[in-house]
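Here is the structure we will look at.
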């Protein structure tokens, strides 16, 4: 889209038609949506060089171009966080030095004021989004305060608050994040799922289990605020709240079980319309905290089913195969318990095997089928032994 926008600008000039400010604004927006913030700023500088008047719409388009690029970078990193260690190897260019887009956004805000253009709520929100995406919490907070002191046209909106919460969260400033979250509600703005998830991530970074559990309950409609379809939990919510709770304590184990049952009920994981069954469940793609909670759910569900008369069977957990395994000749490993990473074992598979040994009493030992390296199996004999122990307790 951005290429087409720039091409149309060139065609207009070649035809003797001088692009208007509105045309430039549209082209800058197209560049921003395509992650081409440099080209967007070049167009802005072209306007300045031509002596054209640059209004708030054009400035907002340029700041939004910076914010969109910054958010796309963050979105990529969030996806990696959710699937962290699920694949044993992945390519990444995170080490590449990235331009600090938040600085450009703040510079544009200052330039607006110098030009006599009054920034509006959109101007500030876009700048805060750029700061938030790059973890500049102090700058984001400062912009929020400026907005709060401003008039009706520049009052903070939901986007601004959420971006500032994200900035605080990435820097471990959970108290500031919570304060912003509460300010947003005081201003009559109902937090949405993105706002909640931004706050939960800040609580995860700060290891604030009690607060995270309260926010989860609020999102599920158990707190003071009513349930709303735009603020209900999703897989990101589940990952961060479970990642905050230490499963070693008895209180948190109960919380983890409650949270995961609610997630299943809501169709976030182990959906009823999937191919999962009582004794075979697909865990591939789950983050470690979610997979750990899933194991507790699966085995406790099996225990309850047996108590109700169901026959014990092998439990098969599908973890998927790693990148190196898929690329190996024939796509199959050695197919025994001695497989290691070099033969294609996934980090998730080995993590699951460890969890079943360490978190369960007696330990549940699993095998890896010869021609299904992406699965682990607890035999019905092992299951029966574990179930018998639970019945004794």
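The values are calculated or read from the model by the stated rules, or taken from the named source; none is laboratory data. It should be emphasised that the depicted structure is a prediction, and the values quoted were computed from it without experimental measurement. Every residue, glycine among them, receives a Cβ derived from its backbone with ideal geometry; neighbour counts consider all protein chains shown.
Just one residue in the set 312, 306 is part of a loop (DSSP other than H, G, I, E, B), modelled with pLDDT of 90 or more and out of contact with any strand residue (DSSP E or B) (no Cβ under 6 Å at 6 or more places or on another chain); that residue is 312. Checked against (1) loosely packed, with under 14 Cβ neighbours inside 10 Å; (2) farther than 18 Å from residue 213 by Cβ, residue 276 meets all criteria but (1). Restricting the stretch 226-241 to residues that are buried (at least 16 other Cβ atoms within 10 Å of the Cβ) and assigned to a loop (DSSP other than H, G, I, E, B), which is modelled with the highest pLDDT? Of everything passing the filter in the stretch 226-241, 233 is modelled with the highest pLDDT. For the stretch 138-161, a residue qualifies if it is at pLDDT 90 or above and more than 20 Å from residue 57 (Cβ to Cβ), and the qualifying residues are 138, 139, 140, 141, 142, 144, 145, 146, 156, 158, 161.
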